[in-house]
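Step one of this worksheet: look at the structure below.
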Amino acid sequence: MNHSYPNMYYPYFDGYQSYSCYQWPYYAMACNQTTCSSCGQPAQLCQCAKPLSQMKLPQELLADATTTSAEGFIGGLEDASLSLEYLKTGDEPSLKISITESGSTSEFNITTIDDGYTVKENFSTLPPGTEIKIEVTNCTARLRWCEIICC
């Protein structure tokens, strides 16, 4: 679900500068007016008629020496961008991530882990309903993402 908004113009010293208008919380996708009351744009360009209460909810899966595997699923209204963090804690560390989407499973195996902390931003972008599993040996690993939910 992609939300796009028309450009808004804001004062910038002695002129005006155009910026994309990203209103939070998002607004509903229906507008029964000819002109939007929130931004003044024609209704077909703007969907600002009915406010929704949406927020980002952080999620994570953590696996370490005590709990060597963790599993969960991506929820929410939009695709989630995962970040992967890991840290070597012993000899011959390994990390395996299984992603099951639409009945198909992909696996990522990381067997070369350097000393120190590693972060991989935007490791993967996954749609709601995707199941994920993380398994570790001699390392600590965490998958993090945010889900957009409607309250």
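The values are calculated or read from the model by the stated rules, or taken from the named source; none is laboratory data. Being a predicted model, the structure only gives us computed values, none of them experimental. So basically every Cβ, Gly included, is an ideal-geometry build from the backbone, and we count neighbours across all protein chains shown.
Go through the range 120-151 residue by residue and tally those that are in a strand (DSSP E or B), of a type in the set (V, I, T) and either over 14 Å from L84 (Cβ atoms) or in contact with a His (Cβ under 8 Å, 6 or more places away or on another chain) (or both). Let's see the steps before the verdict.
First, the residues of the range 120-151 that are in a strand (DSSP E or B): 120-126, 131-137, 139-150.
Add one more test, that the residue is of a type in the set (V, I, T), and what stays is 125, 132, 134, 136-137, 140, 148-149.
Cutting the leftovers down to either over 14 Å from L84 (Cβ atoms) or in contact with a His (Cβ under 8 Å, 6 or more places away or on another chain) (or both) gives us 137, 148-149.
Here the count works out to 3.
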Inside the range 42-63, can you point out the residues that are modelled with pLDDT of 65 or more and either in contact with a Pro (Cβ under 8 Å, 6 or more places away or on another chain) or buried (at least 16 other Cβ atoms within 10 Å of the Cβ) (or both)? S53, Q54, M55, Q59, L61, A63
Any residue at all in the range 110-128 that is surrounded by 18 or more Cβ atoms within 10 Å (Cβ to Cβ) and either under 17 Å from T66 (Cα atoms) or not assigned by TED's automatic domain parsing to the domain that holds L61 (or both)? no
Of all residues making up the range 78-119, the number that are in contact with a strand residue (DSSP E or B) (Cβ under 6 Å, 6 or more places away or on another chain) and in a loop (DSSP other than H, G, I, E, B): 7
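I'd like the full set of residues that are of a type outside the set (S, T, N, Q) and more than 21 Å from the chain's Cα centre (by Cα), limited to the range 97-113.
Taking the range 97-113 and keeping what is of a type outside the set (S, T, N, Q), we get 97, 99, 101, 103, 107-108, 110, 113.
Matches in the range 97-113: G103, I110, I113.
So which residues in the range 83-98 are acidic (D, E), touching a Ser or Thr at 6+ places or on another chain (Cβ under 9 Å) and at negative phi?
Across the range 83-98, the qualifying residue is only E85.
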